[in-house]
Amino acid sequence: MILNEEQTMIQEALRSFSRERLAPNAARWDKEHHFPKEELQELAALGAFGVAVPEALGGAGLDYVSLALVLEEIAAGDGGTSTIISVNNCPVCSIAMMYANDAQKEQWLRPLAQGAMLGAFCLTEPHTGSDASALRTTATRDGNEYVLNGTKQFITSGKYADVAIVMAVTDKAAGKRGISAFWVPTNTPGYIVAGLEQKMGQHSSDTAQILFDNCRIPAENMIGEEGQGYKIAL
Ligand SMILES: Cc1cc2nc3c(=O)[nH]c(=O)nc-3n(C[C@H](O)[C@H](O)[C@H](O)COP(=O)(O)OP(=O)(O)OC[C@H]3O[C@@H](n4cnc5c(N)ncnc54)[C@H](O)[C@@H]3O)c2cc1C
């Protein structure tokens, strides 16, 4: 593949960062299950948190080839760090770019793209992965709020993220068209980190089971329209 000048510069910058700051620590981080907070902030300064997000919204304003190069170079240094950065970029920032309203973009996308916040994506549940339409987590309207109940499984950054995009059923009778997407700050009461996976590798990235126990969020935290969640997730 022939890269353009900008893509080559990104590749070289990330390669050099990865060799100096990630690779020498990777084995220790994996052994100690260490979350690389400091290095993630350095990656944020390099624009790695929102590679394809427009500069006007706090991102690096690059293309998706550049995002692939960024993830490839980070992964060569530490696979877990690459997974953390990958989820923050896509699906989290990419969903926000496409479906969040202007107020949500200011509140969530800008800090996510700048690295002031870290994002997670909650789709998978203990009983279903590939079949994203079989969700059981519910979001029930109560006045100006939605109340979330259910369990999400294998959530990258579920423990360390500041905000999660959560897919939940708002209308059980509507099947695939009854799923909606929400911004859920992880410090909301009822967002519970129920457990962490003991994986075979990638230990610098936490993979969590999240329990939503009467987790109340403002109705304005819905992303897109009610019933659009399955489309957004795909
Ligand atoms: C390290 C890690 C991090 C993850 N992070 C996240 C995250 O941040 N957020 C999140 O929501 N999820 C996350 N996941 C979950 C991941 O998206 C699911 O594991 C994935 O969707 C597969 O679901 P499953 O594990 O239930 O496997 P299954 O759906 O049971 O699939 C098992 C196998 O069957 C195959 N299969 C399934 N259905 C069919 C079919 N109809 N026809 C043919 N073959 C089929 C699959 O290709 C696969 O090989 C993560 C998983 C891992 C391992």
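The values are calculated or read from the model by the stated rules, or taken from the named source; none is laboratory data. Here the structure is a predicted model, which is why all the values come from computation and not from measurement. For accessibility, only protein heavy atoms count, side chains too; no ligands or nucleic acids. Shrake-Rupley method; radii C 1.70, N 1.55, O 1.52, S 1.80 Å.
How far is the Cα center of segment 157-234 from the Cα center of segment 1-51, in Å?
27
Measure off, as a whole percent, the carbon and sulfur share of the 1.4 Å-probe accessible area of the chain, all protein chains present.
Within the chain, the accessible surface is 50 percent carbon and sulfur.
So what is the calculated 222 nm ellipticity per residue for the chain, using -39500 (n - 2.57) for each DSSP H run with n of 4 or more, over all residues, to the nearest 500 deg cm²/dmol?
The helix-only estimate for the chain comes to -8500 deg cm²/dmol at 222 nm.
For segment 2-14, take each phi angle, set θ = phi - 60°, evaluate the Karplus expression 6.51 cos²θ - 1.76 cosθ + 1.60, and give the result in whole Hz per residue in order, putting x for glycine and proline.
Each residue's phi maps through the Karplus curve to give 9, 8, 7, 4, 5, 5, 5, 5, 4, 4, 5, 4, 6 Hz.
With θ taken as phi - 60° and the coefficients 6.51, -1.76 and 1.60, list the Karplus ³J(HN,Hα) couplings across segment 223-234 in order, rounded to whole Hz; mark glycine and proline as x.
Calculated HN-Hα couplings, in order: 9, x, 9, 4, x, 8, x, 5, 4, 4, 4, 5 Hz.
Using a 10 angstrom cutoff on alpha carbons, build the Gaussian network for the chain and name the most mobile of Asn214, Asn89, Asn144.
It is Asn144.
Can you divide the C-alpha Rg of the chain by 2.2 N^0.38 Å and report the result to two decimal places?
Taking the Cα Rg and dividing by 2.2 N^0.38 Å, one obtains 1.01.
Pull up all non-local amide H partners of Ala164: gap of 5 or more, or a different chain, and H-to-H distance under 5 Å with H placed in the peptide plane.
Ala120, Val184, Thr186
Please report, largest first and rounded to whole Å, the three semi-axes of the ellipsoid equivalent to segment 119-233, where each semi-axis is the square root of five times an eigenvalue of the C-alpha gyration tensor. It would help to have the intermediate numbers written out before the result.
On the way: eigenvalues 101, 50, 26 Å².
Equivalent ellipsoid semi-axes, largest first: 22, 16, 11 Å.
Taking only the alpha carbons of segment 159-214, what extent do you get along each of the three principal axes, in Å, biggest first?
Extents along the principal axes: 39, 25, 16 Å.
In nm, what is the difference between 0.36 nm times the number of residues separating Ala173 and Arg141 and their Cα-Cα distance?
10.0 nm
What ³J(HN,Hα) values, in whole Hz, does the Karplus curve 6.51 cos²θ - 1.76 cosθ + 1.60 give for segment 82-98 when θ = phi - 60°, with x put for Gly and Pro?
These are the phi-based 3J(HN,Hα) values: 4, 5, 4, 5, 4, 4, 4, 6, 8, x, 5, 5, 5, 5, 4, 4, 8 Hz.
Report, to two decimal places, the Cα Rg of segment 5-114 normalised by 2.2 N^0.38 Å (N = number of residues).
Computed over Cα atoms of segment 5-114, the ratio equals 1.05.
Given the pairs Lys105/Lys199; Lys105/Lys152; Lys152/Lys176; Lys152/Lys172; Lys37/Lys231; Lys31/Lys105, which are separated by over 27 angstrom at their Cα positions?
Details: Lys105/Lys199 33 Å; Lys105/Lys152 25 Å; Lys152/Lys176 18 Å; Lys152/Lys172 17 Å; Lys37/Lys231 32 Å; Lys31/Lys105 37 Å.
Pairs exceeding 27 Å: Lys105/Lys199; Lys37/Lys231; Lys31/Lys105.
Over the alpha-carbon set of segment 1-54, divide Rg by the Kirkwood Rh and report the Rg/Rh ratio to two decimals.
1.05
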